[in-house]
Amino acid sequence: MSEQHEPTDRLPRPLRLLLGATGLGVSDRRLMEAAAGKVVLITGASSGVGRATARRLGSAGATVLLVARRDELLEEVRDEIAAAGGSAFVHPCDMGDPDRAGSLAADVLAQHGRVDVVVSNAGVSIRRWISQSYDRFDDVERTINVNYLGPVRLLLGLLPSMRERGSGHIVNVSTLGVDYPPLRWSAYIASKAAFETWLGGVAPEVRADGVTTTSIRLQLVRSPMLGPFRMWNYLPGMSTEEAAGIVARAVVARPRVIAPFWARIGGPINQLFQGPVELALARHARNANRDSRERDAGPRRPSVTARSAQLASEAVGAMTTIAASGALRPVRPDRLARVALAQRRFGGTAAFAAAAGAELYSDRPAVIDELGTLTFAELDAHTRSLAGALYRHFDLVAGRRVAIMCRNHRGFVYAQVSAARLGCDLVPLNTDFAGPQLREVLAREGVTAAIYDQEFEHVFDAAEFGGTRVIAWQEEDPGRPTLEALISVGAEEAPPPPSPGRTIMMTSGTTGTPKGAVRTVRASSLLPLALSGFLELARFKPTPRSGGPIVVCPPLFHLYGQIGLFAGFGLGSPIVIRRRFDPPATLEQIDRHRAEVLLAVPTMLKRIMDLPQSTRDHYDTSSLRMIVSGAAPLPPELALAVMDQFGPILYNGYASTEVGPGTLATPSDLRRAPGTVGKPAPGVKIRILDEEGLELPPGETGRIFVSNPMLFEGYTGGGSKEVIDGLMATGDVGHFDPEGRLFIDGRDDDMILSGGENVFPQEVEELLTAHDAVADAAVFGVPDPDFGQRLAAAVVLKQDRSASTEELQGYVRERLARHKVPREIEFVQELPRTSTGKLRRRKLGAQEERSPSSERR
């Protein structure tokens, strides 16, 4: 190793390990036990990591098949191996020619009979600014052929033989750049990422036949392929021999992935700093690349320094908040070890959250419902028994899909945690589903078992569901297995699943049949979620306290209800639930349990505020430290009324089934701008884009796009949301104000085009509900022969109040543009809404088209 590398390469080995500048190798004895007698094919074997690996494996007793373009170099390596007492064969092949790579597979099998291990190491790199590559597509094409298509073609020729023998191992020598793409290496990184992704998709299929895979994400290796560049002397790097030691470890241990320690935790942390890092790289590119020119990129972003200072301030505030909450406390090492084991087994599912709660908060209440109180220890014991019974009596195993149609009670929690313990995919179902709709959803999602309340028996009968049925809540003897009966059996604990199950959340279905949105909370996503959540805690004042009861009103089958459930698990706090929402009963729950947090959708808050003042004052709600609204628009007048009643403790969140968490409005935000949903949470990036995908400045309405660690994986029926530059469309339209607060102006498919003017209904609805006589309102478009569409409204009047069409039209005309005044207003008893309060606007439009002469006042 040359002298110029000494400042970094002579760092202490523990520090170099931590930095990824070297890796854990393997002893010669262990390598010989694993490699002796094996036939190992190595591509890119003429130099660098491939050459060093070939020498190491040859000395361990493997028969090494050397693959590269240049015969003379391969012969040198063969002679080196032979001189050391090993055996090697030369197979010249240009991996940039996929057809030749396919022929190579046939040649080596014909000559050697088998290949036990493939080390896919061949690689070619291009280090060039994109502005210097516009006329060099041939370089990009060759890079993709060598790094991706050639290796794929080779493996397609070798895998049938490996699978038939029931044995084989593929080692992919990759790069950390697939997670942290550096500047100027785009073609190289893209091709490496493509092959790693392809191999990751193949791995589960071939593992069943005894073929395993390992991807090694190497950092800087001082090899001829990379060659010296500007930062070469300053970055910690490893020798080719050290890299070969890591490959040898892969051959012996066969792990799925080998990567530096910092990369395993750095990826989630990088999610939080994605914006500042991108800005820093953009600034460097602008300064380093002479062809780069600064362009107008829309609204100015805060400087990297300012954003970093803001994040540091948020982190300090979050740590102070967490300390004040009581969530940080000493934990016995054995308990901590069991928490880590649960996390490894169950990923980020409810099974992990419940198991962790049992270790950390054993005797605390976990669930309080109409049947009483259930501690974390009891929840853990009951779900272990239930999972064992479901496994042994109904053959529920990993990968099976379990539907849950329950109201808010412990049975839902039992079912969710138990299904997660088995590795089953969870399908929470809306309790409003009718038979035909349920039949369609059950068939599309491939549900094999259903756990539901007895009141929904007729719905499953109408859906003609023939799978396993278990009753979660019964009013009388159901004649079917029940959760309580299965728990009482005390079955032996089920074996841990091979991988965590997924959750398939149903969309709200406001525009048709609900779609299944697939979401997997992997172990790797727990850290970014936790970091983002901890930073978000700094915005809550007063602080939510560990152990403080949380009243969860939204249905648990909805994302918002799930947020409440996991918040309770995480804080060691009981969730207080009841089967049906009732405003006085909710206030009574707060009073009796001294609840500190209330989660509710706006329609629920409105029903509480519609209670007589004497009823609201009858209950002591002074224990509340926060009220969190979400899942539907919060009318400004309602926000102010809630804060006037309960104090400055109202928060308004914005999230969706597909994109997960978005923004949070604090009480001060809602006082200053009552209609806002607040500012993006830490780790969340939000942009307002026009129809061309260009970013809009504050004040202009456009489509809302979000990026965060919780984006969903796609719909089960196919398709996904639109993605632009890593940001996913929410389906909503909105705008930012100059202070960076987000406002939701409606759904992009709710926009009404009337006479060439765009109208978003929510603005008109919020104005109508501000009228003294109006309790609720909906605005929608109906066909019009002259204007294309005209505005119509459905209005619910407050009890004992009256208003005429002309009065309300004049009220709107005085405050909004003329084209936003509803031409027709129908007075109705109630509006069609989903269980979480979202308006079924299309249903109103259809009714209006069918009833053009509906009576108006």
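The values are calculated or read from the model by the stated rules, or taken from the named source; none is laboratory data. These numbers were taken from a predicted model, which means no experiment stands behind them. Cβ: placed from backbone, ideal geometry, glycine included. Neighbour counts: every protein chain shown.
Taking segment 99-128 as the search range and keeping residues that are out of contact with any Leu (no Cβ under 8 Å at 6 or more places or on another chain) and hydrophobic (A, V, I, L, M, F, W, C), which one is farthest from Gly177 (Cα to Cα)? Break it down stepwise before answering.
Here is the first cut: in segment 99-128, the residues out of contact with any Leu (no Cβ under 8 Å at 6 or more places or on another chain) are 99-100, 103, 106-107, 110-111, 113-114, 116, 121-124, 126-128.
Pick out the ones that are also hydrophobic (A, V, I, L, M, F, W, C) and you get 106, 110, 122, 124, 126.
Working: Ala106: 32, Ala110: 37, Ala122: 16, Val124: 14, Ile126: 13 Å.
By that ranking, first place goes to Ala110.
If we scan segment 251-264, do we find a residue that is modelled with pLDDT of 60 or more, over 27 Å from Trp198 (Cα atoms) and assigned to a loop (DSSP other than H, G, I, E, B)?
Among the residues of segment 251-264, not one is modelled with pLDDT of 60 or more, over 27 Å from Trp198 (Cα atoms) and assigned to a loop (DSSP other than H, G, I, E, B), which makes the answer no.
Need the failing condition index for Glu700 against (1) surrounded by 14 or more Cβ atoms within 10 Å (Cβ to Cβ); (2) modelled with pLDDT of 90 or more, just the number.
The one condition Glu700 does not meet is (1).
Restricting to segment 110-127, what's the tally of residues that are surrounded by 16 or more Cβ atoms within 10 Å (Cβ to Cβ) and either more than 17 Å from Gly168 (Cβ to Cβ) or of a type outside the set (D, E, K, R) (or both)?
11
What number of residues within segment 194-217 are closer than 27 Å to Asp138 by Cβ and in contact with a strand residue (DSSP E or B) (Cβ under 8 Å, 6 or more places away or on another chain)?
Within segment 194-217, the first condition is being closer than 27 Å to Asp138 by Cβ, and the residues that meet it are 194-199.
Narrowing further to those that are in contact with a strand residue (DSSP E or B) (Cβ under 8 Å, 6 or more places away or on another chain): 195-196, 199.
Number satisfying all stated conditions: 3.
Any residue at all in segment 451-471 that is modelled with pLDDT of 90 or more and within 29 Å of the chain's Cα centre (by Cα)? Even if it seems obvious, please write down each step before you answer.
First, the residues of segment 451-471 that are modelled with pLDDT of 90 or more: 451-471.
Retained after the next criterion (residues that are within 29 Å of the chain's Cα centre (by Cα)): 451-452.
Looking for residues that are modelled with pLDDT of 90 or more and within 29 Å of the chain's Cα centre (by Cα), one finds at least one in segment 451-471, hence yes.
Within segment 654-669, is even one residue in the same structural domain as Met604 (by TED's automatic domain parsing), farther than 17 Å from Ile627 by Cα and modelled with pLDDT of 90 or more?
no
Among the numbered criteria (1) among the charged types (D, E, K, R); (2) in contact with a Pro (Cβ under 9 Å, 6 or more places away or on another chain); (3) on the phi > 0 side of the Ramachandran plot, which single criterion is violated by Arg364?
Exception for Arg364: condition (3).
From (1) in contact (Cβ under 8 Å) with a residue 40 or more places away in the chain; (2) in contact with a Ser or Thr (Cβ under 6 Å, 6 or more places away or on another chain), pick out the condition that doesn't hold for Gly467.
Going through (1) in contact (Cβ under 8 Å) with a residue 40 or more places away in the chain; (2) in contact with a Ser or Thr (Cβ under 6 Å, 6 or more places away or on another chain) one by one, Gly467 breaks only (1).
Does at least one position in segment 571-578 carry a residue that is assigned by TED's automatic domain parsing to the domain that holds Arg625, buried (at least 20 other Cβ atoms within 10 Å of the Cβ), at pLDDT below 95 and at positive phi?
Yes, some residue in segment 571-578 is assigned by TED's automatic domain parsing to the domain that holds Arg625, buried (at least 20 other Cβ atoms within 10 Å of the Cβ), at pLDDT below 95 and at positive phi.
Please go through segment 378-427 and pick out each residue that is at positive phi and surrounded by fewer than 24 Cβ atoms within 10 Å (Cβ to Cβ).
Within segment 378-427, the subset at positive phi is 395, 399, 423.
Within segment 378-427, Asp395, Gly399 qualify.
Let me spell it out: the conditions are (1) in contact with an Asp or Glu (Cβ under 8 Å, 6 or more places away or on another chain); (2) surrounded by fewer than 22 Cβ atoms within 10 Å (Cβ to Cβ); (3) farther than 26 Å from Arg833 by Cβ; (4) not hydrophobic (A, V, I, L, M, F, W, C), and Glu492 meets all of them except one. Which number is the exception?
(1)
With (1) closer than 29 Å to Glu588 by Cα; (2) polar (S, T, N, Q); (3) at pLDDT 95 or above as the list, and Ser362 as the residue in question, which single condition is left unmet?
That leaves (3) as the condition not met.
Just give me the residues in segment 740-759 being free of Cβ contacts under 8 Å to residues at least 40 places away in the same chain and either buried (at least 21 other Cβ atoms within 10 Å of the Cβ) or acidic (Asp, Glu) (or both), in sequence order.
Gly746, Ile752
It is to be established whether one or more residues within segment 189-210 are surrounded by fewer than 18 Cβ atoms within 10 Å (Cβ to Cβ), out of contact with any Cys (no Cβ under 8 Å at 6 or more places or on another chain) and hydroxyl-bearing (Ser, Thr, Tyr).
Looking through segment 189-210, at least one residue is surrounded by fewer than 18 Cβ atoms within 10 Å (Cβ to Cβ), out of contact with any Cys (no Cβ under 8 Å at 6 or more places or on another chain) and hydroxyl-bearing (Ser, Thr, Tyr).
Rundown of residues vs (1) under 21 Å from Phe346 (Cβ atoms); (2) of a type in the set (S, T, N, Q); (3) outside any loop (DSSP other than H, G, I, E, B); (4) in contact with a helix residue (DSSP H, G or I) (Cβ under 7 Å, 6 or more places away or on another chain), yes/no style:
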{"site": "Phe433", "(1), (2), (3), (4)": "no, no, no, yes"}
{"site": "Val441", "(1), (2), (3), (4)": "no, no, yes, no"}
{"site": "Asp461", "(1), (2), (3), (4)": "no, no, yes, no"}
{"site": "Asp477", "(1), (2), (3), (4)": "no, no, no, no"}
{"site": "Arg480", "(1), (2), (3), (4)": "no, no, no, no"}
{"site": "Ala485", "(1), (2), (3), (4)": "no, no, yes, no"}
{"site": "Pro496", "(1), (2), (3), (4)": "yes, no, no, yes"}
{"site": "Ile504", "(1), (2), (3), (4)": "yes, no, yes, yes"}
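Let me spell it out: the conditions are (1) surrounded by fewer than 20 Cβ atoms within 10 Å (Cβ to Cβ); (2) modelled with pLDDT under 85; (3) among the β-branched types (Val, Ile, Thr); (4) touching a strand residue (DSSP E or B) at 6+ places or on another chain (Cβ under 9 Å), and Thr482 meets all of them except one. Which number is the exception?
(2)
Assigned to a helix (DSSP H, G or I), touching a residue at least 24 places away in the same chain (Cβ under 8 Å) and either more than 20 Å from Arg480 (Cβ to Cβ) or out of contact with any Phe, Trp or Tyr (no Cβ under 9 Å at 6 or more places or on another chain) (or both): does that describe Ala420? Spell out how you get there, then give the answer.
Working: assigned to a helix (DSSP H, G or I): yes; touching a residue at least 24 places away in the same chain (Cβ under 8 Å): yes; either more than 20 Å from Arg480 (Cβ to Cβ) or out of contact with any Phe, Trp or Tyr (no Cβ under 9 Å at 6 or more places or on another chain) (or both): yes.
So Ala420 fits the description; yes.
Checking the conditions here, which among Thr431, Thr375 is in contact (Cβ under 8 Å) with a residue 24 or more places away in the chain, among the hydroxyl-bearing types (Ser, Thr, Tyr) and within 29 Å of Gly548 (Cα to Cα)?
Numbers: Thr375 fails: in contact (Cβ under 8 Å) with a residue 24 or more places away in the chain.
Exactly one of Thr431, Thr375 is in contact (Cβ under 8 Å) with a residue 24 or more places away in the chain, among the hydroxyl-bearing types (Ser, Thr, Tyr) and within 29 Å of Gly548 (Cα to Cα), namely Thr431.
Among the residues of segment 555-586, how many are more than 21 Å from the chain's Cα centre (by Cα) and outside any helix (DSSP H, G or I)?
Final tally of qualifying residues: 11.
Report yes if some residue within segment 742-751 is out of contact with any Pro (no Cβ under 8 Å at 6 or more places or on another chain), part of a loop (DSSP other than H, G, I, E, B) and among the aromatic types (Phe, Trp, Tyr); otherwise report no.
no
Considering only segment 65-95, how many residues are more than 43 Å from the chain's Cα centre (by Cα), in a strand (DSSP E or B) and among the β-branched types (Val, Ile, Thr)?
Going through segment 65-95 one residue at a time, the tally reaches 1.
Of all the residues that make up segment 101-135, how many are among the charged types (D, E, K, R) and without any contact (Cβ under 8 Å) to a residue 40 or more places away in the chain?
Of the residues in segment 101-135, the ones among the charged types (D, E, K, R) are 107, 114, 116, 127-128, 135.
Subset that is without any contact (Cβ under 8 Å) to a residue 40 or more places away in the chain: 107, 135.
Number satisfying all stated conditions: 2.
Kindly state which helices (runs of 4 or more DSSP H) lie completely within segment 100-213 and contain at least 3 residues that are of a type in the set (Ser, Thr, Tyr).
Numbers: elements: 137-144, 150-165, 186-207.
So the answer is 186-207.
Testing Leu17 on (1) closer than 18 Å to Asp116 by Cα; (2) within 38 Å of the chain's Cα centre (by Cα); (3) surrounded by fewer than 21 Cβ atoms within 10 Å (Cβ to Cβ), one condition comes back false. Which one is that?
Exception for Leu17: condition (1).
Restricting the search to segment 16-74, which residues are of a type in the set (Ser, Thr, Tyr) and more than 21 Å from Thr175 (Cα to Cα)?
Going residue by residue through segment 16-74, those that are of a type in the set (Ser, Thr, Tyr) are 22, 27, 43, 46-47, 53, 59, 63.
Result: Ser27, Ser59, Thr63.
Just checking, how many residues over segment 602-624 are touching a strand residue (DSSP E or B) at 6+ places or on another chain (Cβ under 7 Å) and either modelled with pLDDT under 95 or in a helix (DSSP H, G or I) (or both)? Walk me through how you get there before you give the answer.
First, the residues of segment 602-624 that are touching a strand residue (DSSP E or B) at 6+ places or on another chain (Cβ under 7 Å): 602-603, 605, 624.
Then drop every residue that is not either modelled with pLDDT under 95 or in a helix (DSSP H, G or I) (or both), which leaves 602-603, 605.
Residues flagged as touching a strand residue (DSSP E or B) at 6+ places or on another chain (Cβ under 7 Å) and either modelled with pLDDT under 95 or in a helix (DSSP H, G or I) (or both) within segment 602-624 amount to 3.
I need every pair where a residue in segment 697-714 that is assigned to a loop (DSSP other than H, G, I, E, B) has its Cβ under 6 Å from the Cβ of a residue that is basic (Lys, Arg), sequence separation at least 6 or different chains.
Phe712/Arg519
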